[in-house]
Amino acid sequence: MAKKIQTIGILTSGGDAPGMNAAIRAVVRTAIANGKKVKGIKRGFDGLLDEDIVDMYDYSVSDIIQRGGTILYTARSEEFKTKEGQDKGAEICRKHGIDGLVVIGGDGSFRGGQQLARRGINTICVPGTIDLDIDCTDYTIGFDTAVNTAMEAIDKVRDTSTSHERVSIIEVMGRNAGFIALWSGIATGAEDILMAERKYDIDEEQIVEEIIKKRKIGKKHHIVINAEGIGHSYEMAERIEAATGIETRATIIGHIQRGGSPTCTDRVRGSAMGALAAELLTNGETNRVVALTKGEYTHYDIEEALSMEKDIDQFLYEMSKKLSR
Ligand code: F6P
């Protein structure tokens, strides 16, 4: 039988996401309620390697559930991608008595967690990324806030775009994932939604033809949502303006999508996922990824979770094309 966990470490890693603080709070308070000690590791795996580790108590997580970002800070660690870094990280966990670890982050962070798990540190991963691109779960902490921020920003650009009768190319976050583009595009009635997962569908000549056709029948604006994974929005705007003769502007919404007070959904689900992670460690479960699948909180083996593949929802994608006429 697995040895009982005494001390739970917690870190956030990769891009921050609104709702991470709710998850941290839930891990800390659930673990303490279950009689465990908690150690906060600052700045993700970089902080682990630097032994930037502090004791955490119930009051350490007061007044944070409503705040964006992560009170533990975050980083994308290059050193932790190496075998030496991973060996050192596992040794540091042992040195500090950390026998259970919660990693809150995205896919890259989970791969770091997987390496620690393989080195005997019981690790539970919690999906925290605005990109929604964790394969085993229908929800990731931060997506709801980020996509609502994107939606509000697009609505605002659309107001001025309509007044000036312009075309707008609006770039939203998601280097490898088009979920924010698809959802915010549907929610704002965008005419085109471009994303890396469907890049072979992109036909700029057809977009130009559509813009001209719709302008002739009286449409006052044309919104193109462009995922970061496609990028080059300024160049695209120049090409479209040259081809259509209609003023075209590019707007890159950028990092405001990663900040701000989390929505109710991100607070509640972030809390639930954090609490589940602490319960799993308390109950002797090892090396799991917490998920929300078909409306139920659940968990998968890390190795299994990291071998799954996710695509954008084809029904939503096809629907978006029909609704944007
Ligand atoms: O964390 C996800 C994300 O916001 C992606 O959507 C984006 O591509 C990337 O992080 C940007 O990272 P950085 O803040 O390091 O530029």
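In this structure, the amide hydrogen of V102, modeled 1.01 Å from its nitrogen in the peptide plane, lies closer than 5 angstrom to those of G9, I10, L11, I124, counting only residues at least 5 positions away or on a different chain. In segment 144-259, if the dipole is taken from +1 on Lys/Arg beta carbons and -1 on Asp/Glu beta carbons about the Cα centre, which of G254, M151, M195 is farthest to the positive end? The Cα lying farthest towards the positive end belongs to M151. Helix 107-118 and the longest principal axis of the C-alpha atoms of the chain enclose an angle of approximately 20°. Reducing segment 208-226 and segment 42-120 to their Cα centroids gives an inter-centroid distance of 48 Å. By the helix-only formula, in which each DSSP H run with n ≥ 4 contributes -39500 (n - 2.57) and the sum is divided by residues, the chain has a 222 nm mean residue ellipticity of -13000 deg cm²/dmol. Net charge dipole, the chain: roughly 740 debye, given to the nearest 20, about the Cα centre with Cβ charges of +1 for Lys and Arg and -1 for Asp and Glu. What angle do you read, to the nearest 10 degrees and between 0 and 90, between the alpha-carbon axis of helix 83-95 and the longest principal axis of the chain? The answer is roughly 50 degrees.
Rounded to two decimals, the Cα-based Rg/Rh of segment 202-287, with Kirkwood Rh, is 1.29.
The lysines within cross-link reach of K310, meaning a Cα-to-Cα straight distance under 19 Å and a gap of 8 or more places when in the same chain, are K199, K294.
Overall, segment 144-259 carries a charge dipole of about 260 debye about its Cα centre when +1 sits on the Cβ of Lys and Arg and -1 on the Cβ of Asp and Glu, all other atoms neutral.
Shown in residue order for segment 164-174 are the 3J(HN,Hα) couplings computed by the Karplus curve 6.51 cos²θ - 1.76 cosθ + 1.60 at θ = phi - 60°: 8, 6, 9, 9, 10, 9, 10, 9, 10, 6, x Hz (x for Gly and Pro). DSSP beta bridges confined to segment 190-319 are antiparallel in about 65 percent of cases.
The mean sequence distance of close C-alpha pairs (under 8 Å, at least 6 residues apart), as a share of the length of segment 144-259, puts its relative contact order at 41 percent.
If you average 1/r over all unlike Cα pairs in the chain and invert the result, what Kirkwood radius do you get in angstrom? Kirkwood hydrodynamic radius for the chain: 20.7 Å. With R₀ fixed at 45 Å, the C-beta to C-beta distance from S62 to K219 puts the FRET efficiency at about 0.30.
With an 8 Å Cα cut-off and a minimum separation of 6 or more residues, compute the relative contact order for the chain in percent.
Numbers: 722 pairs, mean separation 77.4, N = 325.
Across the chain, relative contact order equals 24 percent.
When only C-alpha pairs under 8 Å and at least 6 residues apart count, what is the relative contact order of segment 220-325, in percent?
On the way: 41 pairs, mean separation 12.0, N = 106.
Taking the mean separation of contacting Cα pairs over the length of segment 220-325, I get 11 percent.
For D301, nonlocal amide neighbours, meaning residues 5 or more places apart or on other chains whose placed amide H falls under 5 Å from its own, are V289.
Taken together, the values in this text are just the output of simple stated rules run on the coordinates, not laboratory data. Just so we're clear, the structure is a prediction, and the values are computed from it rather than from any experiment. For neighbour counting, all protein chains shown are included, and Cβ atoms are generated from backbone atoms with ideal geometry for every residue, glycine included.
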